[in-house]
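Undergrad: There's a structure below that I have some questions on.
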Amino acid sequence: MARITAGIACSHIPVLGYAADQGKADEPPFKLAFDGFEWTRKWIAEEGRPDVVILVYNDHASAFDMNMIPTFAIGCAERFGIADEGFGPRPVPDVIGHPDLAWHIAQSLILDEFDMTIMNDMAVDHGLTVPLTMMFGAGVEAWPVRVVPLAVNVVTYPPPSGNRCWLLGEAIARAVASFDEDLKVHVWGTGGMSHQLQGPRAGLINRQWDNDFLDRLIGDTQALRHVQHIEYLREAGSEGIELVMWLIMRGALGRETRALHRHYHVPVSNSALGHLVLDPVDPTVPPSPTLEGNNEAAQAAIR
Ligand code: DHB
Ligand code: FE
């Protein structure tokens, strides 16, 4: 049986991908940002490495644009090419998928009433490749894991609610638990944290709110699922809304989590970098709210 062994949260600041590709990760101002991932790289190398990562991320007008805006899309392809974001594709390996697991998750989610868009051909951009670089380092010849990309629209209004994301995470946990192969699976939630790239508030950083958000992902609190879009925008900036993707990861981990590692760093660009490694202390798979009818919080939310 496949099982979720960890959740990881990580920003996807594009300049860090550039720094890694140019061999500058050990130089200021990038070093302090990368140093906070050393613990995770060592842990993954020694004990934490999964077979597959379900990588929740957002596309930045690379695979999607204003012509097509899926709220939730799952990558079911054998491999995913690296998008050209204007300067040529990053010099990193293609991302290898896990079509059997991805199709299984797609089927399970859709029958669980999440209407996923299925992608059989999709280039992936910095939203997906920068977290891979932070976790596996620069200059890898092949990524050491398979990846199921799960793209979320947080670019064009309206993004999904935090609670909808949390519920999707719970449904992902059910999907993974019903996959017959013995696989270790991570769920990564990426993007964020304080983050406003344009307008008079460009460069907004709210350390207090960001760290409070990190605190509230740990343990068994469910308070974050009810944070409204307007709070993300007000407190963390317009692109701070990317943080709803972290709730998909958190929802997939079950009721109780323990932080194995935490890192917060400002500034490396004009946004805040956050990183968290979470252990699912109680990996009990939540029941389906619709099929079993006994998940009260979820029932209330979908009513
Ligand atoms: C930055 C962060 C992003 O998430 C992004 O998509 C582009 C730029 C930044 O911090 O510079
Ligand atoms: Fe982004």
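Undergrad: Write down the percent of antiparallel bridges among all DSSP beta bridges whose residues are both part of the chain, to the nearest 5.
TA: Beta bridges within the chain, antiparallel portion: roughly 50 percent.
Undergrad: Now for a separate question. Label the stretch 1-77 by shape, choosing from rounded, prolate and oblate, from the square roots a ≥ b ≥ c of the eigenvalues of the Cα gyration tensor; if a/c is under 1.5 it is rounded, and otherwise prolate applies when a/b is larger than b/c, oblate when it is not.
TA: oblate
Undergrad: Quick one: dipole size for the chain, taken about the Cα centre, charges +1 on Lys/Arg Cβ and -1 on Asp/Glu Cβ, in debye to the nearest 20.
TA: Here the chain has a charge dipole of around 620 debye.
Undergrad: State to the nearest 20 debye the size of the charge dipole of the stretch 66-146 about its Cα centre, where the only charges are +1 on K and R beta carbons and -1 on D and E beta carbons.
TA: Dipole magnitude for the stretch 66-146 comes out near 220 debye.
Undergrad: Any chance you could tell me what percent of the C-alpha pair distances in the stretch 41-114 go past 16 Å?
TA: 65 percent
Undergrad: Can you tell me the mean projection area, over all orientations, of the convex hull of the stretch 83-174's alpha carbons? Units nm², please.
TA: Answer in nm², one decimal: 7.1.
Undergrad: Does the stretch 209-298 come out rounded, prolate or oblate, given a ≥ b ≥ c as the square roots of the eigenvalues of its C-alpha gyration tensor, rounded meaning a/c under 1.5 and, failing that, prolate meaning a/b above b/c?
TA: Oblate shape, in that a/c is at least 1.5 and b/c is the bigger or equal ratio.
Undergrad: Just the accessible area per residue of the stretch 57-191, please: how many Å² with a 1.4 Å probe?
TA: That works out to 39 Å² for each residue.
Undergrad: Taking square-rooted eigenvalues a ≥ b ≥ c of the alpha carbon gyration tensor, is the chain rounded, prolate or oblate, where a/c under 1.5 means rounded and, failing that, a/b exceeding b/c means prolate?
TA: Because its axes are fairly even, with a/c under 1.5, the chain counts as rounded.
Undergrad: Let me ask you something else. Rounded to the nearest percent, how much of the accessible area of the chain (1.4 Å probe, protein heavy atoms only) is carbon and sulfur?
TA: 51 percent
Undergrad: Could you give the spread of the C-alpha atoms of the stretch 125-202 along their three principal axes, from largest to smallest, in whole angstroms?
TA: 51, 36, 16
Undergrad: Full extension from GLN228 to GLN198: what is 0.36 nm times the residue separation minus their Cα-Cα distance, to one decimal in nm?
TA: 8.7 nm
The values are calculated or read from the model by the stated rules, or taken from the named source; none is laboratory data. On a predicted model such as this, the values are computed, not experimentally measured, just so you know. Note that each Cβ is placed from the backbone with ideal geometry, even for glycine, and that neighbours are counted across all protein chains shown. We work out accessible area using only protein heavy atoms, side chains counted, and drop any ligands, DNA or RNA first. Shrake-Rupley method; radii C 1.70, N 1.55, O 1.52, S 1.80 Å.
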